[in-house]
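Since the structure comes first, as structure tokens, the remarks are kept for the end.
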Amino acid sequence: QVQLVESGGGLVQAGGSLRLSCAASGRTFSSYAMGWFRQAPGKEREFVAAISWSGGNTYYADSVRGRFTISRDNAKNTVYLQMNSLKPEDTVVYYCAADGSVGSVVAGTAEYWGQGTQVTVSS
């Protein structure tokens, strides 16, 4: 069992930056691929970024590529999402996900999910 807790969300002006963190507890963190998703009210969950267990491979949605960076620190059992050049349309709840397969993370079928953290970007 893996527990995921997101933090770092908040209110920021357009063009600003935020860094989200997802702390994992439970089974061996370094064996899991991790990812970030986001979901607006009434809309389907959207893939944002994913990272392999080693950190050697990263994947991004076209909508965030070049603005967001996913990284992980296996010693701290934490995955990060650095978000730069934020836009009002980035205003949603962001969720952390974990799975043994990076393919499952990218597909949105990860086994473990956090509770989410709200990001609000004002124009």
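The values are calculated or read from the model by the stated rules, or taken from the named source; none is laboratory data. This is a predicted model, so every value here is computed, not measured. A quick note on method: Cβ atoms are made from the backbone with ideal geometry, for glycine too, and the neighbour counts reach across all protein chains shown. Note: areas computed on protein heavy atoms with side chains; ligands, DNA, RNA excluded. Shrake-Rupley method; radii C 1.70, N 1.55, O 1.52, S 1.80 Å.
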Which residues, taken from the stretch 3-23, are surrounded by fewer than 16 Cβ atoms within 10 Å (Cβ to Cβ) and among the hydrophobic types (A, V, I, L, M, F, W, C)? Val5, Leu11, Ala14
Flag for Val79 being open to solvent by less than 50 Å² (accessible area, probe 1.4 Å) and without any contact (Cβ under 8 Å) to a residue 40 or more places away in the chain: no
Give the number of residues within the stretch 24-51 that are surrounded by 17 or more Cβ atoms within 10 Å (Cβ to Cβ) and either in a loop (DSSP other than H, G, I, E, B) or small (Gly, Ala, Ser) (or both). 6
Is one or more of the residues making up the stretch 110-123 crowded, with 17+ Cβ neighbours inside 10 Å, over 14 Å from the mean Cα position of the chain (by Cα), farther than 22 Å from Ala23 by Cβ and at pLDDT 95 or above? yes
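For Arg67, indicate whether it is crowded, with 16+ Cβ neighbours inside 10 Å, at pLDDT 95 or above and charged (D, E, K, R). Step through it out loud before you land on a result.
Numbers: crowded, with 16+ Cβ neighbours inside 10 Å: no; at pLDDT 95 or above: yes; charged (D, E, K, R): yes.
So Arg67 fails the test.
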